[in-house]
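Okay, so here's the structure we're looking at.
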Amino acid sequence: MTDLVGTRDIYGETLARLGEFNQNIVVLDADLSASTKTGVFAKKYPERFFNMGVSEQDMMGTAAGLAASGKIPFASTFAIFATGRAWEQIRQSIAYPRLNVKIVASHGGITVGEDGASHQSIEDIALMRVLPNMTVIVPSDGVETNQVIETIIEYQGPVYVRVSRGKTPLIFDESYRFEIGKGKVVLEGNDATVFTMGTMLYKSMEAARMLKEEGINIKVVNLSTIKPIDKELVIAAARETKAVVTVEEHSVIGGLGSAVAELLGENCPVFLSRIGIQDRFGMSGNAEDLLKYYGLTPESIAIAAKNVIKKKMELIHDPDLSCK
Amino acid sequence: MITSEEIKKLEGIAREIRIDILGMLNEAKSGHTGGSLSATDIVTALFFSKMKHQPKDPEWAGRDRFVLSKGHAAPLLYAVLAKCGYFSRDKLMSLRKLKSSLQGHPDMRKTKGVEVSTGSLGQGLSMANGMAIAARLNRSKSRTYVLLGDGESQEGQVWEAAMSAAHYKLDNLCAILDNNGLQIDGPTKEVMDIDPLPEKWQAFNWNVLTIDGHNFGEILEALASAEVVKKKPTIIIAKTIKGKGVSFFENKVRYHGIAPSDEELENAFMELRREEN
């Protein structure tokens, strides 16, 4: 785990590579092609790249029109502008008619850093998850990002993919196979399960290693597809460990934590702790300082895991405690 | 050259379309009367004279595209599509009913001949731009037409898209503005003045034509002249009368979003049929 790779960089490279094989791929950006890395494609295939200027709503509509005519448009900008500024365009023009538009947004989460709250996106997953027909994916490293981009080109229908600004360690090797709607157990354990995705996967694995030294075994599950969520895997892991933590670089409202809570609440209620941004906005700072400030660290994940395990053990000794 | 026979034929079709629009709205007991009638002549000219399309093969790649950006004029589009033969005319009476393929606003997945789903205003021009870009990439001669409303032009996205179409020199795109001057809350001038329209579009680097939107000669001439303009998209600003064709609906704000009653329907049919003779 020494190689550091930005998922946005892999997005740009993969898109430029696949552009050669699939002439239907067209790319749109809203004046952020250097940051989203669609600029790599633009340089190679200028005739299939469309800079729409600073107008996200028009970009989404144009992408819809291209898809209606059989193209495979990728529309990119920062996550908050893609999903927030143009939400209703995505709803009306893309999700409702199930058009084959791939929205790949960079700068998800608070690790956007110094630009501060206006540019950080802690709501994008919630905003996309609520839309019928939309698939929502947050790849967790460079290897997975590459496969996600390859996979969604073959998939027919609207997809939202969040990539990140920061560089994170490679977790998967080339034998890894991404599949839409399938989670992956990356570390085995039966004391508690941590469900996570994106930049928080390696932090969660770090937490599991710390706990292992204390004799606590944590199952770490990569849920890179938030929608459709891998119901079987989530329920099975919860049933086995009976204590769950969700970890995401997103608001605890509406994102991965909510998706897992909704599913388990209806199928397999267990003690659950959601780590994420606790219903507040971000702020300026460097990425690592922000993660510490908002409690998105291996240490806080470990504490949350211990807490749910403790509640689980108390319940085993006194079943009446379930709602206390 | 547009012959007087051609014009007479289109006027006859437009009358029948208006009769169908009113009939289906009356049956549905809700829907948008005024804005369907104001654009009837424009859409009739497009589908029955201008556009290349094959109702028996709606997906034909070489077809011209039509985007109804002012999606609330769905009854008009449905009446035209049925008359072209995309689906049976009987279906019109299912407008707005549960599980009908004719939704309150156009749904491309439910209705043959509907190119994109619209209804939320201001989004059609962007989609039309995307289709025009795709046609260019495919080296297709297919043209894209988009019908905008004047109230709709208060949406910011319309102007983002206006900028894009000119920037990408989409000369295979032609927008038509149904300039009936009224919106739900009142005259456009009072609600939110969008004038001067020709100057605005000119400033956005479009080729601008201004016509009487109920004169088939002018409509067809403008559509033909748009085809020969190079390196610029064209907008035809068509001055229209909201509720056109039925005297007691014309220029009435009230009939933006309500359907004709049984009595109004009877009187409207009488007027339209009188005109026929």
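The values are calculated or read from the model by the stated rules, or taken from the named source; none is laboratory data. Bear in mind that the values here come from a model prediction, so they are computed numbers and not experimental data. Positions of Cβ are generated from backbone atoms using ideal geometry, with glycine treated the same way; all protein chains shown enter the neighbour counts. Note: accessible area is taken over every heavy atom of the protein model, side chains too, but ligands, DNA and RNA are not part of it. Shrake-Rupley method; radii C 1.70, N 1.55, O 1.52, S 1.80 Å.
Restricting attention to region B:132-159, which residues are within 13 Å of A:Phe50 (Cβ to Cβ) and in contact with a helix residue (DSSP H, G or I) (Cβ under 9 Å, 6 or more places away or on another chain)?
B:Ala132, B:Ile133, B:Ala134, B:Leu137, listed by residue number.
Any residue in region B:204-231 that is free of Cβ contacts under 8 Å to residues at least 40 places away in the same chain sitting within a Cβ distance under 6 Å of a residue that is part of a helix (DSSP H, G or I) and open to solvent by 30 Å² or more (accessible area, probe 1.4 Å)? List the pairs, counting only those 6 or more apart or interchain.
The qualifying pairs are B:Val208/B:Pro198; B:Val208/B:Gln202; B:Thr210/B:Pro198; B:Ile211/B:Glu218; B:Asp212/B:Glu218.
What's the number of the condition A:Ser33 fails, among (1) at the interface with another protein chain (Cβ under 8 Å from one of its Cβ atoms); (2) within 25 Å of B:Arg136 (Cβ to Cβ); (3) among the hydroxyl-bearing types (Ser, Thr, Tyr); (4) surrounded by fewer than 24 Cβ atoms within 10 Å (Cβ to Cβ)?
Just one mismatch for A:Ser33, condition (1).
Condition test on A:Gly70, is it within 11 Å of chain B (Cβ to nearest Cβ) and either open to solvent by 10 Å² or more (accessible area, probe 1.4 Å) or in contact with an Asp or Glu (Cβ under 7 Å, 6 or more places away or on another chain) (or both)?
yes
So, in region B:160-209, exactly how many residues are outside any strand (DSSP E or B) and either out of contact with any Asp or Glu (no Cβ under 8 Å at 6 or more places or on another chain) or within 14 Å of chain A (Cβ to nearest Cβ) (or both)?
Going through region B:160-209 one residue at a time, the tally reaches 29.
State which residue is surrounded by the most Cβ atoms within 10 Å (Cβ to Cβ) when the search covers only region A:291-310 and only residues that are of a type in the set (Val, Ile, Thr) and more than 9 Å from A:Ala192 (Cβ to Cβ).
Going through the qualifying residues, I end up with A:Ile301.
Whether any residue in region A:97-119 is within 14 Å of chain B (Cβ to nearest Cβ) and more than 25 Å from A:Phe178 (Cβ to Cβ) is what I want to check.
Scanning region A:97-119, I find at least one residue that is within 14 Å of chain B (Cβ to nearest Cβ) and more than 25 Å from A:Phe178 (Cβ to Cβ), so the answer is yes.
In region A:112-134, how many residues are among the β-branched types (Val, Ile, Thr) and surrounded by fewer than 22 Cβ atoms within 10 Å (Cβ to Cβ)?
Count: 1.
List every residue pair whose Cβ atoms sit under 7 Å apart, with the two residues 6 or more apart in sequence or on different chains, where the first one lies in region B:186-198 and is over 17 Å from B:Leu148 (Cβ atoms) and the second, anywhere, is part of a helix (DSSP H, G or I) and open to solvent by less than 60 Å² (accessible area, probe 1.4 Å).
Final answer for the pair search is B:Gly186/B:Val253.
For region B:67-100, which positions are within 14 Å of chain A (Cβ to nearest Cβ) and either among the hydroxyl-bearing types (Ser, Thr, Tyr) or part of a loop (DSSP other than H, G, I, E, B) (or both)?
Result: B:Ser69, B:Lys70.
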